[in-house]
2 protein chains.
Amino acid sequence: MTSHHQAPQRLSERLRYQGRKFGFEAAGLRLPNGAEGEFETIRHPGGAMAVPLLADGRFVVVRQYRFPLEGWLLEFPAGTLEPGEAPETTIRRELEEETGYRAGRWSDLGSFPLAPAYSDESIHAYLAWDLTPLAAPPAQDADEDIQTLTMAALDLEAAAFAGEVDAKTIGGYCLARSRL
Amino acid sequence: MTSHHQAPQRLSERLRYQGRKFGFEAAGLRLPNGAEGEFETIRHPGGAMAVPLLADGRFVVVRQYRFPLEGWLLEFPAGTLEPGEAPETTIRRELEEETGYRAGRWSDLGSFPLAPAYSDESIHAYLAWDLTPLAAPPAQDADEDIQTLTMAALDLEAAAFAGEVDAKTIGGYCLARSRL
């Protein structure tokens with residue numbers, strides 16, 4: 001991301017809230033272009049995502065319940081960075097927890113902002129190769145409801161057109177495809 | 001998105017805030033899998049995005065200041081749905097306001113969730129064809145700081161790998177490419 005050495009000027013603070021996984025604030029700001037107004041922001045520690053590719057060309061995908069949408073989505077495994085944690089560490093853990101696979105090789109696909117209109121979250125994407133199923137997969141987080149499946153590229157694209165795949169997963173798929 | 005006819009059960013409400021463009025709430029929930037906890041949610045009316053394709057194969061992109069990141073990103077033109085507004089209406093207006101182009105033809109690319117871990121926002125994507133520059137482009141929103149540029153597909157991919165492109169834009173590019 002291009003930096004500009006000009007931060008928004010904080011004029012007032014209306015609300016500051018620290019949630020379980022991220023913070024939320026509402027503040028009066030003056031932007032570098034002079035615009036003033038009330039702006040709301042999610043403060044997020046960032047995330048990491050794996051694009052897990054099997055030897056036969058299929059992708060490992062998780063089917064996950066998402067309470068804001070009250071439904072299930074198809075997503076690449078991903079997780080929120082713990083304080084001070086490197087994204088490589090996060091994603092090794094999350095891949096094993098969410099899918100029961102371990103990757104022998106990782107390729108860095110860079111990071112991208114998820115919802116920059118109102119969140120500072122960026123997600124770091126990695127292509128995960130040389131996948132082997134763990135004999136004893138670790139336990140999932142208690143608040144997660146996840147199934148693992150494998151999908152061919154064309155089936156994943158069809159699911160994306162049907163609205164069953166989220167933006168980070170489509171983005172990760174796109175970055176991975178341009179490297180394959 | 002797959003619906004499941006099972007909504008999270010609301011146990012308590014800790015915070016409810018209505019911002020300029022979306023709402024925020026923190027509540028104790030019991031999820032369909034039985035997990036209980038405090039969950040934070042962005043309530044967003046949804047958005048619409050254009051993937052504007054010029055006759056020479058280049059894409060029209062906006063370079064936009066994003067205050068949560070305190071920097072500029074390259075994005076496809078997009079906007080938030082006004083109350084009761086169809087996404088086709090939103091995106092026609094936003095394309096003209098943000099880029100000064102009008103599209104003669106639109107193709108529906110479907111919609112996808114943006115940040116389903118904490119937001120109910122989905123964005124509806126359209127391929128915008130037959131672009132003509134407006135003689136008198138409409139005024140931009142006062143709080144926007146936007147430049148229009150055109151980019152070849154390979155340059156847009158390179159910018160994505162450099163972290164200068166957001167998830168919805170990479171997703172829209174990916175869906176558009178699979179239809180071109």
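The values are calculated or read from the model by the stated rules, or taken from the named source; none is laboratory data. Small disclaimer: the values here were computed from a predicted structure and weren't measured. Note that each Cβ is placed from the backbone with ideal geometry, even for glycine, and that neighbours are counted across all protein chains shown. Note: accessible area is taken over every heavy atom of the protein model, side chains too, but ligands, DNA and RNA are not part of it. Shrake-Rupley method; radii C 1.70, N 1.55, O 1.52, S 1.80 Å.
Summary table below
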{"item": "Answer residue from the range B:151-166, given it is open to solvent by 50 Å² or more (accessible area, probe 1.4 Å) and within 16 Å of B:PRO52 (Cα to Cα) and is nearest to the other protein chains (Cβ to nearest Cβ) among those", "result": "B:LEU154"}
{"item": "Any hit, the range A:104-124, residues being more than 14 Å from every other protein chain (Cβ to nearest Cβ), of a type outside the set (S, T, N, Q) and buried (at least 16 other Cβ atoms within 10 Å of the Cβ)", "result": "yes"}
{"item": "Members of the range A:53-67 found to be at the interface with chain B (Cβ under 9 Å from one of its Cβ atoms), surrounded by 21 or more Cβ atoms within 10 Å (Cβ to Cβ) and either in contact with a Ser or Thr (Cβ under 9 Å, 6 or more places away or on another chain) or assigned to a loop (DSSP other than H, G, I, E, B) (or both), listed by number", "result": "A:PHE67"}
{"item": "Subset tally (residues that are free of Cβ contacts under 8 Å to residues at least 24 places away in the same chain and closer than 13 Å to B:LEU74 by Cα) for the range B:152-180", "result": "8"}
{"item": "Breaking point among (1) touching an Asp or Glu at 6+ places or on another chain (Cβ under 6 Å); (2) within 11 Å of another protein chain (Cβ to nearest Cβ), for B:ARG14", "result": "(1)"}
{"item": "Conditions (1) in contact with a helix residue (DSSP H, G or I) (Cβ under 7 Å, 6 or more places away or on another chain); (2) within 14 Å of chain B (Cβ to nearest Cβ); (3) crowded, with 20+ Cβ neighbours inside 10 Å: number failed by A:LEU73", "result": "(1)"}
{"item": "Lone unmet requirement of (1) outside any strand (DSSP E or B); (2) touching a residue at least 12 places away in the same chain (Cβ under 8 Å); (3) polar (S, T, N, Q) for A:SER12", "result": "(1)"}
{"item": "Qualifying residue in the range A:30-41 (condition: outside any loop (DSSP other than H, G, I, E, B) and aliphatic (A, V, I, L, M))", "result": "no"}
{"item": "Contacts under 9 angstrom Cβ, first residue in the range B:107-124 being free of Cβ contacts under 8 Å to residues at least 24 places away in the same chain and closer than 16 Å to A:THR169 by Cα, partner open to solvent by 40 Å² or more (accessible area, probe 1.4 Å) and outside any strand (DSSP E or B), 6 or more apart", "result": "B:PRO116/B:MET1; B:ALA117/A:LYS21"}
{"item": "The range B:135-147: number of residues that are open to solvent by 60 Å² or more (accessible area, probe 1.4 Å) and touching a residue at least 60 places away in the same chain (Cβ under 8 Å)", "result": "1"}
{"item": "Residues that are surrounded by fewer than 19 Cβ atoms within 10 Å (Cβ to Cβ), among the aliphatic types (A, V, I, L, M) and modelled with pLDDT under 90, drawn from the range B:16-52", "result": "B:ALA35"}
